[in-house]
Amino acid sequence: MKKLTIMLAAACIFISSVRAQGPRIEKPKATPAEIAELKKEVEKDFKNTQAHKDYIFAAGVESKELQDQYDAWIEANPKSIEIPFAYAEGLYNKELPTAKSYLERVVKLDPKNGKAYQMLWIDAERWGDFAGGRAYLKKATEADPKSADHAFYYASSFEDVDSAKHHDLMLSMPNRYPGTERGAQALYWLAQRSLNPTIKLKVWELARKKYDPGKSSWTSGAMTTYYNYLLTTNVAKARKLAADMLANDSLKNNNSWKQNKQIADIILAGRALEKAGKYEKALQKFNTAPRQRYGNAKTVLLKDRARIANASGNPKAAYDSLVLNYATDPTDEIYALMKTYGSKLKKDNKAIQADVWQQRKSTSQPATPFSLANYTDSGRTSLPDLKGKVVLVTYWFPGCGPCRGEFPHFEAVVRKFSKDQLAYVGINIAHEQDPYVVPFMTQSGYSFNPVRDEPEKRGNLKAIGAPTNYLIDKEGNIVFSNFRTDEHNHRTLELMISELLDK
């Protein structure tokens, strides 16, 4: 299942999705005397939201003394909504499992508290209770039907359970909540997640019509993904889109769109030179393209350069460039091109795989052996014990929305392999969230083996955030790292695993 929690990361606005997320750590900064003064401010007026926030931050939300104090206030003021809500919000924001009981108290006292229901939704996701979370979202929309936030997340929640309802609700967001960014966000995600080109194009054009990309960050992001899609299907249209964006007063000095237009211009000019048989000049033109970290330009230019190298009588250069790319980012399309150019070099599949593995071996390294405590039993999971299997390692924690968003895509791939072939290990890096882990595994149905991180022993299996992913071969070597899997590239992960097994 594809979980909409990945949407919560702001970095998801742009293609290549979500940046790594790490657990938030806050340290109390106040002296005991200062904390006592802040406590007095709360007691002056329990409805003073800011006083609660200041006191909770100063005391530290994980403090046992703070919990005892709030429990005492709640007992002394049983009808107060503000007291349990303030404490629940502090726990929720720190992604702590203890938030649930306080949030449940809030909605029992105030059944129309849409914000608390939305918080219970996210908390339910951390427990792996996706159906329960959707039920909380429904209550949030009923409690506050004017909230575009509640409506957006509720619409999104149907992506995996009722695709038609999901499509209709997301598509209707701009009309139901005019003037809000949630409508633009709904269109962004509807186009981004769809695997149907017709729907993608329709929604991108609707987003462009409904929202000014110079004013809407979500529509600006949608136009970037639109451009990257067009770059692989119709470069002339990609160039026109970039020109249209630069004609927008708010975007006319935007360096990203200037670069996008420049790349499209270079590809069109290079292909024109190629058509005229001027291969050397075409290659020179392609080589002037600026490098982009994200987007499809790298792959488009890779194929163009390879095609020209082959046309100019140098199939080896074409082949070698594709091998270098395929070694780290395998796709069926690139492999087909390797076979085409490789055939001119008398290379069969065996020889092609040998070349790919020669490249991979030049960058692979033995993984630091780990032996980490399991959550679901009293044993440990040790990398040396997994020798003979391919090992997929992901660093995660229950509160990590991008992790929960990636798990369904991993699951779609790993279930194609037996447990005798592939070990799937999830290393939880947020120990304060340990109580979530076993319920998350039980309710989510995900198949990875959850283990407890020991940061000082990571070695070269570094966690730059969450998720951070590795694929380790049957001999214990790191072959693939820093990759992400989403609805568009399941096949790449499948190829990675299959080729490690066939090695």
Within region 65-114, of all residues that are farther than 24 Å from E432 by Cα and among the charged types (D, E, K, R), the one surrounded by the most Cβ atoms within 10 Å (Cβ to Cβ) is E82
Subset of region 249-276, residues under 18 Å from Y188 (Cβ atoms) and either of a type outside the set (S, T, N, Q) or touching an Asp or Glu at 6+ places or on another chain (Cβ under 7 Å) (or both), comes to L251, W257
For region 239-267 the number of residues that are over 25 Å from the mean Cα position of the chain (by Cα), under 27 Å from N196 (Cα atoms) and in contact (Cβ under 8 Å) with a residue 12 or more places away in the chain is 9
Apart from one, (1) crowded, with 16+ Cβ neighbours inside 10 Å; (2) under 31 Å from the mean Cα position of the chain (by Cα) all hold for L324; the odd one out is (1)
Among the residues of region 210-231, is any assigned to a helix (DSSP H, G or I) and surrounded by fewer than 15 Cβ atoms within 10 Å (Cβ to Cβ)?
no
When E456 is run through (1) part of a strand (DSSP E or B); (2) without any contact (Cβ under 8 Å) to a residue 40 or more places away in the chain, the failure sits at (1)
Picked from region 449-489 (must be modelled with pLDDT of 95 or more and β-branched (V, I, T)), the residue surrounded by the most Cβ atoms within 10 Å (Cβ to Cβ) is I472
Filtering region 178-191 for residues that are crowded, with 23+ Cβ neighbours inside 10 Å and either without any contact (Cβ under 8 Å) to a residue 24 or more places away in the chain or on the phi > 0 side of the Ramachandran plot (or both) leaves a count of 1
Checked region 234-266 for anything closer than 27 Å to A282 by Cα and charged (D, E, K, R); matches are K237, R239, K240, D244, K258, K261, D265
Those residues of region 392-408 that are in contact with a Leu (Cβ under 7 Å, 6 or more places away or on another chain) and either surrounded by fewer than 24 Cβ atoms within 10 Å (Cβ to Cβ) or β-branched (V, I, T) (or both) come to a total of 2
Of the residues in region 387-410, those that are out of contact with any helix residue (DSSP H, G or I) (no Cβ under 8 Å at 6 or more places or on another chain) and either of a type in the set (F, W, Y) or without any contact (Cβ under 8 Å) to a residue 40 or more places away in the chain (or both) come to Y395
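Residue-wise test of (1) part of a helix (DSSP H, G or I); (2) among the hydrophobic types (A, V, I, L, M, F, W, C).
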{"residue": "V356", "(1), (2)": "yes, yes"}
{"residue": "K361", "(1), (2)": "yes, no"}
{"residue": "T376", "(1), (2)": "no, no"}
{"residue": "G388", "(1), (2)": "no, no"}
Report yes if V451 is in a helix (DSSP H, G or I) and assigned by TED's automatic domain parsing to the domain that holds Y395, otherwise no. no
Pairs returned, first residue in region 192-220 that is at negative phi, second residue that is hydroxyl-bearing (S, T, Y) and at pLDDT below 95, beta-carbon separation under 9 angstrom, 6 or more apart or interchain, are Q192/S17
Across (1) without any contact (Cβ under 8 Å) to a residue 60 or more places away in the chain; (2) loosely packed, with under 13 Cβ neighbours inside 10 Å, Q365 clears everything bar (1)
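The values are calculated or read from the model by the stated rules, or taken from the named source; none is laboratory data. Bear in mind the structure is a predicted one, so any value in this text is a computation, not a measurement. FYI the Cβ positions are ideal-geometry reconstructions off the backbone, even for glycines, and counts take in every protein chain you see.
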